[in-house]
Amino acid sequence: MTNLPTNPHPTRVTSAPGGPPAQQFYIRMSQPRWTRILLGCNIAIFVLMTLYGILVYSDWNGTQNARVLVFFGAKVNILVAQGQVWRLFTAMFIHIGIIHLLFNLYALNALGPLVEGFFGPRRFLWIYVLGGIWGSVASFARSDALSAGASGAIFALVGAATVYFLRYRENFGERGRAIVQNMFVVIGINLVFGLSMPGIDNWGHIGGLIGGAAVAYGLLPRYRAPATLHFGAQPLEEESLPSFEWLWVGGHVLLLFLAIRFISAQYLAG
């Protein structure tokens, strides 16, 4: 995963809807609070899995022990189909081995502040969780292997960043266009790498990417110029559309529910 600029300070844009051409505006970026919490959760669960493997199975590689993975909530298709739907969520916080964990920690630390900075903490969390579950659902539908990891949710952040900077690429000038290009390179490299290596849940990645982009599309911040203009740079005002956002999130929850019901029925019938 390629590192990205994640400056938490105000990010300048060249113009804004309704503003005079010479006026300069900037976007106030949110602090990456949920990114830090998620990083901590992934590390804590990895430590707990390691300790559990040692204490229960005398296995120092407990995070690679199938019994430990199942106990902590990895995605196991037959169990999901039989009603343990929560595994599609818990699998997002489980990692199989230290390399798997470190790779995803690096990717989350690179992408999280960027997406959370521009979307804000609430929208960021919706994108991460719902996009990650879309990744788990795609894996449930297309892959029979036991799987786990934050990769689906991280690909959801890639999708969200791509949608955001495609929408506002002109406002950010060269930086915006460079980030869009960077996102496409990241997507291409990771998908090619995933398809060429065994043991990688490519459907989880693809589902997370598409799901994250779809969630982010309805949660894109809408900006407007300040009501009162003064000399010098000013922060853009953000339009508040809470009802629409809740409906958008609720629509994704409903679609996920229906998809899980349908896939479970097909799995059990087969």
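Just so you know, all these numbers are worked out from the coordinates, no wet-lab data involved. All values reported here derive from a predicted model rather than from experimental measurement. Because the Cβ atoms are built from the backbone with ideal geometry, glycine has one as well, and the counts that use them run over all protein chains shown.
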Original post:
Between L229 and Y106, what is the FRET efficiency for a Förster distance of 41 Å, r being their Cβ-Cβ separation, to the nearest 0.05?
Top reply: 0.45
Original post:
So for the pair A265, T90, with labels modelled 7 Å out along Cα→Cβ, what separation do we get in nm?
Top reply: 2.7 nm
Subject >> For the chain, the longest site-free run once chymotrypsin sites (Phe, Trp or Tyr not before Pro) in DSSP loop states with at most 14 other Cβ atoms within 10 Å are removed >> reply: 87-230
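Share of antiparallel DSSP beta bridges in the chain, in percent to the nearest 5?
On the way: 6 of 8 bridges.
If I count the DSSP bridges inside the chain, around 75 percent turn out antiparallel.
Counting only helical runs of four or more DSSP H residues, what would the 222 nm mean residue ellipticity of the chain come to if each run contributes -39,500 (n - 2.57) and the total is spread over all its residues?
-22000 deg cm²/dmol
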Original post:
Can you tell which of M197, M49, M29 shows the greatest fluctuation in a Gaussian network model of the chain with Cα springs below 10 Å?
Top reply: M197
Original post:
Toward the positive end of the charge dipole of region 11-269, about the Cα centre and with charges on Cβ (Lys, Arg +1; Asp, Glu -1), which of A227, I154, G53 goes farthest?
Top reply: A227
Original post:
By Kyte-Doolittle mean hydropathy of at least 0.5 and Cα axial length of at least 20 Å, which whole DSSP H helices of the chain are selected?
Top reply: 33-57, 98-119, 121-142, 151-167, 202-219, 242-269
Original post:
Hey, fewest Cβ within 10 Å first, where do S136, S243 land in order?
Top reply: S243, S136
Original post:
Which one is right for this structure if Cα extents along the principal axes in Å is calculated from it: [x] 67, 38, 32; [y] 52, 42, 38; [z] 77, 46, 37?
Top reply: [x]
